[in-house]
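Notes follow once the structure below has been shown.
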Amino acid sequence: MRWPGTPVEHLSRFQPHFCPRRECPEHVRAAPGYRFRRIGYYATRRRWRIPRFLCLTCQGSFSRQSFAVSYYCKRPELLRPVAAGLVGGSAHRQLARALGCAPSTVDRMAARLGRHALLLLARARGELAGRVAEPFVLDHFETFEFTQDFPFGVATLVGSRSWFVYDLDPAPHARAGRITETQRQRLAERPRRPRSGGYLGSTRRVLDHLVSLASPDRPLSLRSDGHPAYDQAVAEHPARARFALERYPNPPRGPKGSPRSPEARLRDARLFPVDLLHKILRHSVAHHRRETIAFGRRLNALMERLFLAAAWRNFVKRRSERTRRSGTPAMALGLTTEPWDWRKVLSRRLFPARQPTPATWAFLYRRLWTTPLFPTNSRHQLKRAF
Ligand SMILES: [Zn+2]
């Protein structure tokens with residue numbers, strides 16, 4: 001995957017290759033030959049010579065900053081520490097206190113970083129389309145939005161050998177388990193949530209993505225625990241003949257500390273990559289811990305932070321942190337040649353119109369997935385900083 005290491009803010013000889021304005025026909029240009037004119041510089045308190053340009057097609061002007069992840073940011077220096085803090089177990093207000101900014105700044109940056117990570121993953125998937133030869137491991141990661149009355153799973157699709165996170169897709173579902181009478185009454189008063197097909201719907205969407213990723217000349221191997229939604233989604237899929245679904249149902253486990261049965265050992269070995277991802281998320285993302293007072297308010301915002309964690313897991317975090325030589329999942333797939341740092345992850349702004357994204361991801365990007373508990377759900381509908 002071609003991706004620059006130097007942040008665009010540091011390039012004094014920067015030249016645009018397309019127009020950053022969404023409405024301009026030159027916005028989606030992929031070939032060289034974009035026509036622009038230099039129209040001087042401007043200065044801010046942080047940088048003294050930021051080049052400006054004029055698009056010769058739409059006559060709109062823009063600057064080098066239009067191509068930076070920090071576009072429109074008042075505190076651009078916070079982007080990297082916020083990204084690192086969010087996947088380092090810090091909650092938003094802890095970060096705000098440590099970095100000396102308002103909690104709302106961290107909220108907005110988390111959303112911006114999540115959108116960037118989403119587009120970065122979409123770009124990686126574009127590179128990988130039709131090339132993935134390893135078996136896939138699928139499981140849902142369980143969490144909730146605002147209250148445990150509103151649980152949802154997130155389908156996590158992981159490569160069995162590379163441990164690369166290929167897909168995230170939400171699956172809202174009903175509250176499970178034993179419910180007391182008080183809880184039942186409270187549940188009845190809660191607003192209804194759109195489910196988007198629950199486990200089955202999210203599995204269907206993941207299977208569609210999976211078919212586009214997998215190498216066409218190999219059997220498409222998918223491992224999962226025996227959730228009935230996975231069986232049904234595979235059985236009903238138009239490309240079902242290509243799938244080889246391996247099922248490893250969770251076997252009954254004895255009391256804590258008792259030795260694992262052979263079935264349990266096999267299940268744990270085959271589903272290890274996805275179990276590991278879930279452990280990393282529970283350990284590294286503050287609101288996914290057990291016994292915490294941090295909690296996610298909105299499914300959409302939770303998904304943004306999961307995309308950020310997935311980008312970190314794929315490109316930044318080495319598979320083993322004990323050995324220096326260990327590479328990242330993206331290196332195992334041949335996407336990258338070295339572990340990235342946050343500076344590299346955030347070196348360029350990505351534009352949704354230039355990046356084909358699955359429909360669910362595009363929906364999440366616009367923050368259209370609402371949580372009906374709140375009177376208002378802010379959308380992402382900025383004109384320029386979209
Ligand atoms: Zn233009």
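Expressed as a rounded percentage, what relative contact order does the chain have, with Cα pairs under 8 Å and six or more residues apart?
21
Using alpha carbon centroids, what distance separates the stretch 269-284 and the stretch 1-41, in Å?
Between the Cα centres of the stretch 269-284 and the stretch 1-41 lies a distance of 39 Å.
Apply the Karplus curve 6.51 cos²θ - 1.76 cosθ + 1.60, θ = phi - 60°, to the phi angles in the stretch 120-131 and return the couplings in whole Hz, x for Gly and Pro.
With coefficients 6.51, -1.76 and 1.60, one gets 5, 5, 4, 5, 4, 5, x, 5, 8, 3, x, 10 Hz.
HN-Hα J couplings of the stretch 26-34 from phi, Karplus 6.51/-1.76/1.60, θ = phi - 60°, integer Hz, Gly and Pro as x?
Values per residue, Gly and Pro as x: 7, 5, 9, 4, 10, 7, x, x, 5 Hz.
Calculate, in nm to one decimal, what Phe363 and Leu350 gain on full extension: separation in residues at 0.36 nm each, minus their alpha carbon distance.
3.0 nm
Report the one residue of Tyr248, Phe363, Tyr34 whose Cα lies farthest in the direction of the positive end of the charge dipole of the chain (charges on C-beta: Lys and Arg +1, Asp and Glu -1; origin at the Cα centre).
Final value for the positive-end residue is Tyr34.
In what sequence do Lys344, Lys279 fall when counting other Cβ within 10 Å, fewest first?
Lys279, Lys344
Can you tally the net charge around His209? Count Lys and Arg as +1, Asp and Glu as -1, for every other residue whose Cβ sits under 13 Å from the Cβ of His209.
Computed value for this residue: 0.
Convex hull over the Cα atoms of the stretch 72-156, averaged projected area in nm²?
That works out to 7.8 nm², a quarter of the Cα hull's surface.
Expressed in whole Å with the largest first, what are the equivalent ellipsoid semi-axes of the stretch 325-368 derived from the C-alpha gyration tensor as the square root of 5 times each eigenvalue?
Ellipsoid semi-axes (Å, largest first): 27, 13, 10.
From the square roots a ≥ b ≥ c of the eigenvalues of the alpha-carbon gyration tensor of the stretch 107-247, which class results: rounded (a/c under 1.5), prolate (a/b over b/c), or oblate?
Since a/c reaches 1.5 but b/c is at least a/b, the shape of the stretch 107-247 is classed as oblate.
Using the beta-carbon distance between Ser212 and Ala30 and R0 = 22 Å, what value does 1/(1 + (r/R0)^6) give for FRET efficiency, to the nearest 0.05?
So the FRET efficiency works out to roughly 0.65.
May I ask you to derive the FRET efficiency for Ser261 and Thr370 from their Cβ-Cβ distance with R0 = 41 Å, giving the value to the nearest 0.05?
0.40
Over all alpha-carbon pairs of the chain, lay out the pair-distance distribution in 20 Å bins, whole %, shortest bin first.
Values per bin, smallest distances first: 25, 56, 17, 1.
Kirkwood hydrodynamic radius, the stretch 262-386, all distinct C-alpha pairs: what's the number in Å?
Kirkwood hydrodynamic radius for the stretch 262-386: 17.3 Å.
State, to one decimal in nm², a quarter of the convex hull surface area for the C-alpha atoms of the stretch 1-155, i.e. the direction-averaged projected area.
With every direction weighted equally, the projected area is 13.1 nm².
Over all alpha-carbon pairs of the stretch 116-179, lay out the pair-distance distribution in 10 Å bins, whole %, shortest bin first.
19, 40, 26, 14, 2
Run the quick spin-label model on Arg161 and Ala176: label points 7 Å from Cα toward the beta carbon, then report their separation in nm to one decimal.
Computed distance between label sites Arg161 and Ala176 equals 3.2 nm.
Normalized C-alpha radius of gyration of the stretch 204-324, against 2.2 N^0.38 Å?
1.28
Cα centroid distance between the stretch 43-79 and the stretch 290-360, in Å?
Between the Cα centres of the stretch 43-79 and the stretch 290-360 lies a distance of 25 Å.
The numbers here are math on the coordinates, done by the rules we state, and not lab data. Keep in mind that this is a model prediction, so the values were computed, not measured. As a convention, Cβ positions derive from the backbone with ideal geometry for all residues, glycine included, and neighbour counts pool all protein chains shown.
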